[in-house]
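S.K.: This structure is in structure tokens; I'll ask about it shortly.
The values are calculated or read from the model by the stated rules, or taken from the named source; none is laboratory data. In this text, all values refer to a predicted model and were calculated from it rather than measured experimentally. Backbone-built Cβ (ideal geometry, glycine too); neighbour counts: all protein chains shown. Accessible surface areas use protein heavy atoms only, side chains included; no ligands, DNA or RNA. Shrake-Rupley method; radii C 1.70, N 1.55, O 1.52, S 1.80 Å.
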There are 2 protein chains.
Amino acid sequence: MEQAISAETLDREQLHELAQQLRVDSVRAAAAANSGHPTSSMSAAELTAVLYSRYLRYDFAAPDNPGNDHVVFSKGHASPLLYALFKAVGAIDDEELLSFRKFGSRMEGHPTPLLPWVDVATGSLGQGLPIAVGIALAGQKLERDDFRVWTLCGDSELAEGSMWEAFEHAGYIGLGNLIAIVDVNRLGQRGPTMHEWNTGPLAERARGCGWDVQEIDGHDVEAVDAAYARALQSDRPAAIFARTKKGRGVAAVEDRENAHGKPLTDPQEAIEELGGERSLRIEVQAPPAAQPGELPQEPVERPSYELGEKVATRGAYGDALAWLGSVDERVVALDGEVGNSTYAERFLAKHPDRFFEMYIAEQQMVAAAVGLQVRGWKPFASTFGAFLSRAYDFIRMAAISDADLKLCGSHVGVSIGEDGPSQMALEDIASLRAVHGSVVLYPCDGNQTVALLDAMREHRGISYLRTTRGATPTLYEPGESFEIGGSRTVRASDDDAVTLIGAGITLHECLKAADELTAKGIAARVIDLYSVKPVDAETLLKAAAETKAMVTVEDHWPEGGIGETVAGVLAGSDTSTPLTRLAVTGKPSSGPPAELLAVAGIDAAGIVAAVEQTPLD
Amino acid sequence: MEQAISAETLDREQLHELAQQLRVDSVRAAAAANSGHPTSSMSAAELTAVLYSRYLRYDFAAPDNPGNDHVVFSKGHASPLLYALFKAVGAIDDEELLSFRKFGSRMEGHPTPLLPWVDVATGSLGQGLPIAVGIALAGQKLERDDFRVWTLCGDSELAEGSMWEAFEHAGYIGLGNLIAIVDVNRLGQRGPTMHEWNTGPLAERARGCGWDVQEIDGHDVEAVDAAYARALQSDRPAAIFARTKKGRGVAAVEDRENAHGKPLTDPQEAIEELGGERSLRIEVQAPPAAQPGELPQEPVERPSYELGEKVATRGAYGDALAWLGSVDERVVALDGEVGNSTYAERFLAKHPDRFFEMYIAEQQMVAAAVGLQVRGWKPFASTFGAFLSRAYDFIRMAAISDADLKLCGSHVGVSIGEDGPSQMALEDIASLRAVHGSVVLYPCDGNQTVALLDAMREHRGISYLRTTRGATPTLYEPGESFEIGGSRTVRASDDDAVTLIGAGITLHECLKAADELTAKGIAARVIDLYSVKPVDAETLLKAAAETKAMVTVEDHWPEGGIGETVAGVLAGSDTSTPLTRLAVTGKPSSGPPAELLAVAGIDAAGIVAAVEQTPLD
């Protein structure tokens, strides 16, 4: 008969029994999979047994209940423990537990939101805590709900700077709803961690970040219980550094090296040593009713720009974002301390309650955005396109989390000019296209920027908007709509000899080049490929059929950008229309934007020269 | 007449005059460029005046002198100050100073190694200190020289986690040759920093990392002098948190917001307020003679594998790296706490003095590698390919630094199996190709891995090797050489109807598919495209001309990988041979490797099916 363990269970022995059950089930799952991380699970058995039975408030039958606490396994490789907990709370059965790591099972090697009780994918260490900061920010700053965000961290992952971005930001904001439980089991994958069981230096750093800090024995259920009780009393974020033993409870692996990430050699003996299988059931406390708050709203009109008006698309981003904040109260904005360059500050001016200044910490910025969307918010996060590269692993993982994440990178390409190559995004199209399910947009004028940002708001998934530093003339009517996956043929005639394909700043160069070519008797079609991913293959193939040569022009490296996108479309067809790809090939320097475009051969003159070298008969 | 300031200059007023000169020249450079960051330069004038005149040991006539100290401007936007210093030491003249940010000038917007006294490009904040850790590691662990590494950091960039990876690592190792000077000027780009002038929390964290920490008034030259003197006495890394005022000395901008990153409105008035132009000359101390140390060497034979022998290319990486450590005493290795998975541990076993365990801190790992190559070492840095995405901004900047950096990413693609998508590198080819001047290699067997790693050792620049988790059969003879930019046509006949192009794990699937297709009466050519960048266009175009269809197969997303590389080559020609690109399109899950390859349609059966759907007449 199943024995229930609940918040009233204060008995040390019963909690120990529960912890042993979690160990046994972790060992069993890894044995069934013949892989996985049982020893990393065993160290945190008491930490989670006490959490789930006595502190967590969560309705496993209603994972979308806004009153639910959140639990993030920042040490995602302890998935056997998480799944053992899901079994103990009755969310899954033993059969599903033992489907661990099998094809088609929700019990993946590292947790993903395929499971309704998992908010985000973890498994790239150092990401869970920064994401938890975002969830906690939603609770404290937007929703004023009193859910709590419990995060189980590994000690090895404290070497990741992103963890300290999280400590810093949470301490600065004073996120009293955030609890970091650090499972200090002394051993990483290949050997001891830097500090092993010496939690003092880590505690000192966390205190320096403004956290309430405790150092405890993580196998002492009473100490764990007392630590959680104190953490809930704190109005600051609480860190609990819990000294534990990896593989605890099984002599063959307890505190031993070379026992990471593999099943136990003799699982049956280990299970016996742990006291055998048990069937304790955790009765998790129900969450309190959520109290939806209201945020002040300020109406903002849709921005529009007159034809010919010169405006920087980064400015239009700021204008449009401020507008979208009025259209959709779930829209929030984050920026990496460059809001006066990305123009995210225009959102801040209208909707200060929904703006998050993340300082120069791009990893934390993207992680916070991922955390905010866990709570149903629609985050737009911006910085220089070049510096989004800092958060690339977080964007990669956000795709595995099926996150709804809107990114804006400003100051792209050599056209930024004098600041030089360190500030120029020249790899952002390539890297953002290579994110699962992503959308990559690159507007050429203000009105298009407004329309595309609205499309991003409506699109669920990871989308990226690339904006330009300098002002460009308005080509499209105010209010014109642009679809994700579309394009615009901005100039065409029946006798077009060549097709010029640009986006953003290079579209304007294509138009100038088309004028010059016309003067030379060469009719040129011009396509605005503002949606780089997904791409409008139909329009490209039509142009390939109707013209004798094609030229792509991009303020980006040749690899993975607009040129290769088009090449991929053409190569898949039986067209023989040749494609010339103009892009930035040499390492750029500082200089005036026009000069840098010219040196890269991606200005109108460069395009004309490329067309003139192309046989058009 | 020029007045000289040297280590003997103890006069407070003279040092103040020098600081004012640096301010004036910063203002003048920004005025000449009509852009730049004079106020961020002015705050650190005393800090650098004292450093260059009284502490730095450097021969500006011989920047390659191994005895020279290193100075890294982690706050790279303070380039006007750096160039003002170069003028004050006599390395450049006033005319060159005033060419700041002009096209063709070495005085770039942010410092780059175009200047012989600049080791690395900075300007992406949070990178200078981690790179300085690498330079200091070379001094302390490899060279046992007593040069010092002085790093000027901004306070805003302390929000970057990478800075704390550096604090952590330097403190853990005890890098007594490293000094971090933090210019705490209170203001970031768009407003106040988190801590403004409250240096206490930052100091506490640095102490928690094991540093010798001082908090001073950064405009008090005597305090600065005393801080440097004490820093040199410490056998631990020394951090000096210096409270300063941004724009110090000019009332219009001093400690004012909205004065970041722009020239002063009235530079002439500012220069007068600062006391006018001066022509003080710093006499920098000469460096001590370097004492080249010797590291113990252990001979290791070139690894070789028998034809047909199954070996994981990640294992061959470890074997080859251990061998290269014997071939070339400048080879060093770094790993991100996964050396028993990447097999970098095989280098550690043979050359412990040249191995650097960087723990789970990929940004610090790549930065340390960049720092090590500043001192002429040849660093090979490894982790899972997926986690190299964590250091993408560092790799991007390393290209701007013209760094000699060799990277290895293991566990690529869905073929890793059960660990699931968080551990699978599926964007690494795209992102690493989109790095300026990079080389991207993807071997399919052990012997090829050995040869390519040797090619990487000889190649100067950024190169990346992609390795596979599982064992694959040896196809190539031991000792066979493979060139960067080459390919191998491993199967060909005169009547080939289709060309199959793979690399790494998919090459083996291509060979199996070719067998099956032959049995069905379709002759298939198979190309091993082991050098994805640069790519062997000639062989590809020959195959396009000689066969009726082409198929690329890659364990990677479709974007920016092998398929688009080939598409780019074909689209540039007038061939009409259609290309089918097989790649991972759905989000993968956990499961057995073979099953995941099949689900992605990139196994032999998927290739055969794709060919059968292709018209070959």
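S.K.: For the range B:367-451, please list each of the helices (runs of 4 or more DSSP H) lying entirely inside it that holds at least 3 residues being touching a residue at least 60 places away in the same chain (Cβ under 8 Å), under 11 Å from the mean Cα position of the chain (by Cα) and over 18 Å from residue B:344 (Cα atoms).
M.R.: Details: elements: B:385-388, B:392-400, B:428-433.
Counting at least 3 such residues, we get B:392-400.
S.K.: Please indicate, with yes or no, whether at least one residue in the range A:67-86 is at pLDDT 95 or above, open to solvent by 20 Å² or more (accessible area, probe 1.4 Å) and either among the aromatic types (Phe, Trp, Tyr) or over 19 Å from residue A:182 (Cα atoms) (or both).
M.R.: Looking for residues that are at pLDDT 95 or above, open to solvent by 20 Å² or more (accessible area, probe 1.4 Å) and either among the aromatic types (Phe, Trp, Tyr) or over 19 Å from residue A:182 (Cα atoms) (or both), one finds none in the range A:67-86, hence no.
S.K.: Residue check, residue A:229 against (1) over 30 Å from residue B:125 (Cβ atoms); (2) in contact with an Asp or Glu (Cβ under 8 Å, 6 or more places away or on another chain), all met but one. Which one?
M.R.: Of (1) over 30 Å from residue B:125 (Cβ atoms); (2) in contact with an Asp or Glu (Cβ under 8 Å, 6 or more places away or on another chain), only one is false for residue A:229: (2).
S.K.: Another one. Determine which member of the set B:602, B:562 is in contact with a His (Cβ under 8 Å, 6 or more places away or on another chain) and more than 19 Å from residue A:577 (Cα to Cα).
M.R.: Details: B:602 fails: in contact with a His (Cβ under 8 Å, 6 or more places away or on another chain).
Sole residue among the options that is in contact with a His (Cβ under 8 Å, 6 or more places away or on another chain) and more than 19 Å from residue A:577 (Cα to Cα): B:562.
S.K.: Then there's this: Please work out if residue A:175 is within 23 Å of residue A:85 (Cβ to Cβ), out of contact with any Asp or Glu (no Cβ under 6 Å at 6 or more places or on another chain) and away from every other protein chain (no Cβ under 11 Å). Give the steps one after another, and end with the answer.
M.R.: Details: within 23 Å of residue A:85 (Cβ to Cβ): no; out of contact with any Asp or Glu (no Cβ under 6 Å at 6 or more places or on another chain): yes; away from every other protein chain (no Cβ under 11 Å): yes.
Here the answer is no, as residue A:175 does not meet what is asked.
S.K.: In this structure, does residue A:464 turn out to be open to solvent by less than 10 Å² (accessible area, probe 1.4 Å), within 14 Å of chain B (Cβ to nearest Cβ) and not hydrophobic (A, V, I, L, M, F, W, C)? Step through it out loud before you land on a result.
M.R.: On the way: open to solvent by less than 10 Å² (accessible area, probe 1.4 Å): yes; within 14 Å of chain B (Cβ to nearest Cβ): yes; not hydrophobic (A, V, I, L, M, F, W, C): yes.
The answer is yes for residue A:464.
S.K.: Does residue A:4 satisfy the criteria of being in contact with a strand residue (DSSP E or B) (Cβ under 6 Å, 6 or more places away or on another chain) and open to solvent by 30 Å² or more (accessible area, probe 1.4 Å)?
M.R.: yes
S.K.: Kindly provide the set of residues from the range B:497-519 that are touching a helix residue (DSSP H, G or I) at 6+ places or on another chain (Cβ under 9 Å) and open to solvent by less than 10 Å² (accessible area, probe 1.4 Å), ordered by number.
M.R.: If we filter the range B:497-519 for residues that are touching a helix residue (DSSP H, G or I) at 6+ places or on another chain (Cβ under 9 Å), which is where we start, we get B:497-506, B:508-517.
Listed by number, the residues that qualify are B:498, B:499, B:500, B:501, B:502, B:503, B:504, B:506, B:510, B:513, B:514, B:517.
S.K.: How many of the residues making up the range B:144-188 are farther than 25 Å from residue B:117 by Cβ and in a strand (DSSP E or B)?
M.R.: 2
S.K.: Looking only at the range A:440-457, count how many residues are closer than 12 Å to residue A:380 by Cα and of a type in the set (D, E, K, R). Even if it seems obvious, please write down each step before you answer.
M.R.: Of all residues in the range A:440-457, those closer than 12 Å to residue A:380 by Cα come to A:453-454, A:456-457.
Okay, now just the ones that are also of a type in the set (D, E, K, R), so A:454, A:457.
Residues that pass the stated criteria total 2.
S.K.: I need the full set of residues from the range B:467-519 which are free of Cβ contacts under 8 Å to residues at least 24 places away in the same chain and assigned to a loop (DSSP other than H, G, I, E, B), in order please.
M.R.: If the condition is that a residue be free of Cβ contacts under 8 Å to residues at least 24 places away in the same chain and assigned to a loop (DSSP other than H, G, I, E, B), then B:494 is the only one that fits.
S.K.: Please identify the pairs in which a residue from the range B:339-350 that is over 11 Å from residue B:316 (Cα atoms) and within 12 Å of another protein chain (Cβ to nearest Cβ) has its Cβ atom under 6 Å from the Cβ atom of a residue that is at pLDDT 95 or above and part of a loop (DSSP other than H, G, I, E, B), counting only partners at least 6 apart or on another chain.
M.R.: Close Cβ pairs (under 6 Å, with a partner that is at pLDDT 95 or above and part of a loop (DSSP other than H, G, I, E, B)) amount to B:339/A:190; B:340/A:190.
S.K.: Looking at the range B:123-135, is at least one residue free of Cβ contacts under 8 Å to residues at least 40 places away in the same chain and either open to solvent by 10 Å² or more (accessible area, probe 1.4 Å) or more than 9 Å from chain A (Cβ to nearest Cβ) (or both)?
M.R.: The initial filter retains those residues of the range B:123-135 that are free of Cβ contacts under 8 Å to residues at least 40 places away in the same chain, namely none.
No; the residues of the range B:123-135 include none that is free of Cβ contacts under 8 Å to residues at least 40 places away in the same chain and either open to solvent by 10 Å² or more (accessible area, probe 1.4 Å) or more than 9 Å from chain A (Cβ to nearest Cβ) (or both).
S.K.: Among the numbered criteria (1) out of contact with any Ser or Thr (no Cβ under 9 Å at 6 or more places or on another chain); (2) among the hydroxyl-bearing types (Ser, Thr, Tyr); (3) not in a helix (DSSP H, G or I), which single criterion is violated by residue A:105?
M.R.: Every condition holds for residue A:105 apart from (1).
S.K.: Can I ask one more? Would you mind telling me which numbered condition in (1) closer than 19 Å to residue B:439 by Cβ; (2) open to solvent by 30 Å² or more (accessible area, probe 1.4 Å) residue B:554 fails?
M.R.: (2)
S.K.: Here is a further query. So which residues in the range B:296-310 are under 12 Å from residue B:328 (Cα atoms) and surrounded by 13 or more Cβ atoms within 10 Å (Cβ to Cβ), if there are any at all?
M.R.: In the first step, residues of the range B:296-310 are kept if they are under 12 Å from residue B:328 (Cα atoms); the result is B:297-300.
Selection gives B:297, B:300.
S.K.: Here's a check for you: in the range B:342-366, which residue that is more than 17 Å from the chain's Cα centre (by Cα) and among the aliphatic types (A, V, I, L, M) is nearest to residue B:412 (Cα to Cα)?
M.R.: Here the answer is B:344.
S.K.: So which residues in the range B:542-584 are facing another protein chain (nearest Cβ under 7 Å) and more than 35 Å from the chain's Cα centre (by Cα)?
M.R.: B:574, B:575, B:576, B:578
S.K.: So residue A:63 clears everything in (1) open to solvent by 10 Å² or more (accessible area, probe 1.4 Å); (2) closer than 21 Å to residue A:149 by Cβ; (3) in contact with a Lys or Arg (Cβ under 9 Å, 6 or more places away or on another chain) except one condition, right? Which one?
M.R.: The one condition residue A:63 does not meet is (3).
S.K.: Take the residues in the range A:429-450 that are small (Gly, Ala, Ser) and more than 7 Å from chain B (Cβ to nearest Cβ), then tell me which one is surrounded by the fewest Cβ atoms within 10 Å (Cβ to Cβ).
M.R.: Pass one, the range A:429-450, residues small (Gly, Ala, Ser): A:430-431, A:434, A:437-438, A:446.
Still in the running and more than 7 Å from chain B (Cβ to nearest Cβ): A:437-438, A:446.
On the way: A:437: 16, A:438: 22, A:446: 29.
Residue satisfying both the conditions and the ranking: A:437.
S.K.: Check whether at least one residue in the range B:198-208 is more than 11 Å from chain A (Cβ to nearest Cβ), of a type in the set (D, E, K, R) and surrounded by fewer than 24 Cβ atoms within 10 Å (Cβ to Cβ), and report yes or no.
M.R.: The answer is no; no qualifying residue exists.
S.K.: Among the residues of the range B:377-428, how many are more than 8 Å from chain A (Cβ to nearest Cβ), open to solvent by 10 Å² or more (accessible area, probe 1.4 Å) and more than 25 Å from residue B:324 (Cβ to Cβ)?
M.R.: The qualifying residues number 0.
S.K.: What are the pairs with Cβ atoms under 7 angstrom where one residue, in the range B:90-119, is within 8 Å of another protein chain (Cβ to nearest Cβ) and the other, located anywhere, is open to solvent by 50 Å² or more (accessible area, probe 1.4 Å) and not in a loop (DSSP other than H, G, I, E, B)? Sequence gap at least six, or different chains.
M.R.: B:103/A:595
S.K.: Out of (1) crowded, with 23+ Cβ neighbours inside 10 Å; (2) more than 12 Å from chain B (Cβ to nearest Cβ), the odd one out for residue A:146 is which?
M.R.: Going through the list (1) crowded, with 23+ Cβ neighbours inside 10 Å; (2) more than 12 Å from chain B (Cβ to nearest Cβ), residue A:146 breaks only (1).
S.K.: Also: What residue, among those in the range A:452-463 that are outside any loop (DSSP other than H, G, I, E, B) and of a type in the set (D, E, K, R), is farthest from residue A:386 (Cα to Cα)? First the steps, then the outcome.
M.R.: Of all residues in the range A:452-463, those outside any loop (DSSP other than H, G, I, E, B) come to A:452-458, A:462-463.
Subset that is of a type in the set (D, E, K, R): A:454, A:457-458.
Details: A:454: 23, A:457: 23, A:458: 26 Å.
Across the range A:452-463, the extreme among qualifying residues is A:458.
S.K.: Next question, about the same structure. When only residues in the range A:316-337 that are in contact with a Gly (Cβ under 9 Å, 6 or more places away or on another chain) and open to solvent by 10 Å² or more (accessible area, probe 1.4 Å) count, which is farthest from residue A:374 (Cα to Cα)?
M.R.: Once the filter is applied, the top-ranked residue is A:319.
S.K.: Also, quick follow-up: For the structure I just gave you, tell me whether residue A:49 is open to solvent by less than 30 Å² (accessible area, probe 1.4 Å), more than 16 Å from residue A:227 (Cα to Cα) and part of a helix (DSSP H, G or I).
M.R.: Working: open to solvent by less than 30 Å² (accessible area, probe 1.4 Å): yes; more than 16 Å from residue A:227 (Cα to Cα): no; part of a helix (DSSP H, G or I): yes.
No.
S.K.: Follow-up. Does residue A:363 qualify as being open to solvent by 30 Å² or more (accessible area, probe 1.4 Å) and of a type outside the set (Val, Ile, Thr)? Before you say what the answer is, go through the steps one by one.
M.R.: Details: open to solvent by 30 Å² or more (accessible area, probe 1.4 Å): no; of a type outside the set (Val, Ile, Thr): yes.
The answer is no for residue A:363.
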